[in-house]
2 protein chains.
Amino acid sequence: MGIQKTSLVDIVIDRIKNHILKNGLKPGDKFLSEKELVDQLQVSRTVVREALISLQSVGIVTIKPGGGVYIADTKLGSINTILKHHYETYGVKIKELVEIRKIIELGALRLIIEKQIDLNIGQLNDINESYYQTIIKKEDTKKYDRLFHQSLMKATDNETFYNFSEIINEYFSLVKIDLVQNEEALIQSYREHAEIIKSLSEHKLQQAQKVMTDHFEPIFTFINQMEEQS
Amino acid sequence: MGIQKTSLVDIVIDRIKNHILKNGLKPGDKFLSEKELVDQLQVSRTVVREALISLQSVGIVTIKPGGGVYIADTKLGSINTILKHHYETYGVKIKELVEIRKIIELGALRLIIEKQIDLNIGQLNDINESYYQTIIKKEDTKKYDRLFHQSLMKATDNETFYNFSEIINEYFSLVKIDLVQNEEALIQSYREHAEIIKSLSEHKLQQAQKVMTDHFEPIFTFINQMEEQS
DNA sequence: AGTTATAATATTGTCAGACCAATTTTTATT
DNA sequence: AATAAAAATTGGTCTGACAATATTATAACT
């Protein structure tokens, strides 16, 4: 137990990684073709293919049928792939994801205030007003709602945090949850956004977090109802 | 751009995932062999192998040469591989990771209290006492410190949240940060643990979060000093 | 019967060659 | 020069074979 002889595929994977690093290849760059790799590494096409497929699975390269191999656009984006696999294989409790989202959003508020971020209040208000417009025009409201929350995440001045929040959002979007909201509920949501902006502008963390908590209430109520049914 | 015909490999991957989900296979379970999959799915061994390699790369199965295919032990574990590559390729700011850890730990406290989790206070105290013992015996303190925080994460009754916190911790461990702490600082840390336990047992969220915030102070101070030097 | 050594079998690892499908490049045509 | 057709490149899938490793069945022995 323990030490296992490294397979040829693993060796090739390492070689490829080194090659990428050594040559400073960046996302989008064209990589060597299967044939070129076979010739250079002197291994069978099977091994090269399996190595490339593995690397594609972890988001390092992208294989385009007929087109060649490319360096993947990876800004942690490949984690989504894994989460998707994970979700489709094991399933995941919606409630858990919502709880995580809530923790993250509350965390964003804390970071913004504790780090004394110079918020662009006007921009946030603009987004929220656009949100309001889509509500009364009975258009799709998701876009501006998401934009609002994304703006808060970005405002934390923590790129890794933002990336993770996006990952969670992607993960969340795997769960097809249709929270049908009437206009009244949406307007309430709009008001809460406004309150959050106001609290942030006044540097009131507790208050902002309180509103955000309320903001999550409807979805928790919805989920609890769903669970009762099943 | 957009729609791309799904490959056979992708279809097989989907089938395999469904099989795992449908049969409720758990980590460690023996899975079907390549031959069995070939027979059942009526595709070439090439396709089956490539599908399995891909699934192995995202941490869903483990292939043992000569021994068969198994369901992988670590849920979400393979994300660490991606994070490692990401870290080695793009670099990541330590401060950002610490902020995230703080947000997560504060979030755990919130979940525990809001969900009125029936905490095992005795166990937490035991862990903290063991922590204290290692401090005064001048042994390695990391183990029990980590165990304490892990216990809090687990107590949230949110497996996905716990998994993410572990991922962050793993990510964090990539950053070799040696926060040399003297005995006094460690004992202070021990006291804060105790205070957190007490606050939780009394269901006092604000207080628990306050202590946890203090608990993170030394490391932020350290990081800020590091940044000034460079 | 129980244990151990050995053989048979099952399973994954690697290779080679072939053909198909999609894409890219080249060439020919206008 | 722009366009269309042909050719070459490249990845996708299949088949069959043999090697390396692990498991299981068998035989031998105590």
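Table for the structure above
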{"item": "Chain B - mean residue ellipticity at 222 nm from DSSP helices (-39,500 (n - 2.57) per run, n ≥ 4, rounded to 500)", "result": "-23000 deg cm²/dmol"}
{"item": "Cα long-axis angle, helix B:79-90 against chain B (0 to 90 degrees, to the nearest 10)", "result": "80 degrees"}
{"item": "Protein accessible area in the protein assembly as shown, 1.4 Å probe - carbon and sulfur %", "result": "50 percent"}
{"item": "Area hidden from solvent between B and A (accessible, protein heavy atoms only, 1.4 Å, total, Å²)", "result": "4500 Å²"}
{"item": "For A:Q225, label point 7 Å along C-beta direction: distances to other copies, nm", "result": "5.5"}
{"item": "Peptide A:102-114, shielding by other chains (average Cβ, 10 Å cutoff)", "result": "4"}
{"item": "Long-range HN-HN contacts of B:T62 with modeled amide H, under 5 Å", "result": "B:Y70, B:I71, B:A72"}
{"item": "Prolate/oblate/rounded label for region B:8-71 (Cα gyration tensor, a/c 1.5)", "result": "rounded"}
{"item": "Phi to ³J(HN,Hα) by Karplus 6.51 cos²θ - 1.76 cosθ + 1.60 over region B:46-53, Hz, x for Gly, Pro", "result": "3, 4, 4, 4, 5, 5, 5, 4"}
{"item": "Nearest-10 value in Å² for the accessible area of B:D29, using the 1.4 Å probe", "result": "60 Å²"}
{"item": "Pseudo-label separations to other copies for A:D29 - Cα-to-Cβ vector, 7 Å, nm", "result": "4.3"}
{"item": "Nearest-first distances (nm) between copies at B:K138, label 7 Å from Cα via Cβ", "result": "7.7"}
{"item": "Where chain B is the region considered: accessible area per residue in Å², 1.4 Å probe", "result": "54 Å²"}
{"item": "Inter-part distance where region B:19-77 and region A:164-219 are each reduced to a Cα centre, Å", "result": "40 Å"}
{"item": "Alpha carbon Rg of region B:79-229, scaled by the compact-globule rule 2.2 N^0.38 Å", "result": "1.05"}
{"item": "J(HN,Hα) series, region B:192-207, from Karplus relation 6.51 cos²θ - 1.76 cosθ + 1.60, nearest Hz, glycine and proline x", "result": "5, 4, 4, 5, 5, 4, 4, 4, 5, 5, 9, 6, 9, 5, 3, 5"}
{"item": "Average beta-carbon neighbours from other chains, 10 Å sphere, peptide B:152-163", "result": "3"}
{"item": "Choice from A:G66, A:G24, A:G122 with maximal GNM fluctuation in chain A (Cα, 10 Å cutoff)", "result": "A:G66"}
{"item": "Under DSSP loop assignment and at most 14 Cβ neighbours within 10 Å, longest GluC sites (Glu not before Pro)-free interval of chain B", "result": "B:1-138"}
{"item": "B:T156 - accessible surface, heavy atoms, 1.4 Å probe, Å² rounded to 10", "result": "0 Å²"}
{"item": "Vicinal HN-Hα couplings computed from phi for region A:149-154 (Karplus, 6.51 cos²θ - 1.76 cosθ + 1.60; Hz; Gly/Pro x)", "result": "5, 4, 4, 5, 4, 5"}
{"item": "Cα centre as origin, Lys/Arg/Asp/Glu Cβ charges: region A:78-229 dipole, Debye", "result": "120 debye"}
{"item": "Most positive-pole-ward Cα, A:V175, A:Q116, A:Y131, against dipole of region A:78-229 from beta carbon charges", "result": "A:Q116"}
{"item": "Set of lysines near B:K115 by C-alpha distance (under 24 Å), chain-local residues within fewer than 8 positions excluded", "result": "A:K93, A:K95, A:K102, A:K210, B:K102, B:K154, B:K198, B:K204, B:K210"}
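The values are calculated or read from the model by the stated rules, or taken from the named source; none is laboratory data. Computed from a prediction, not measured in an experiment: that's the story for all the values here. Here the Cβ is made from the backbone with ideal geometry for all residues, glycine too, and neighbour counts use every protein chain on show. Calculation scope for accessible area: heavy atoms of the full protein, side chains included, ligands and nucleic acids excluded. Shrake-Rupley method; radii C 1.70, N 1.55, O 1.52, S 1.80 Å.
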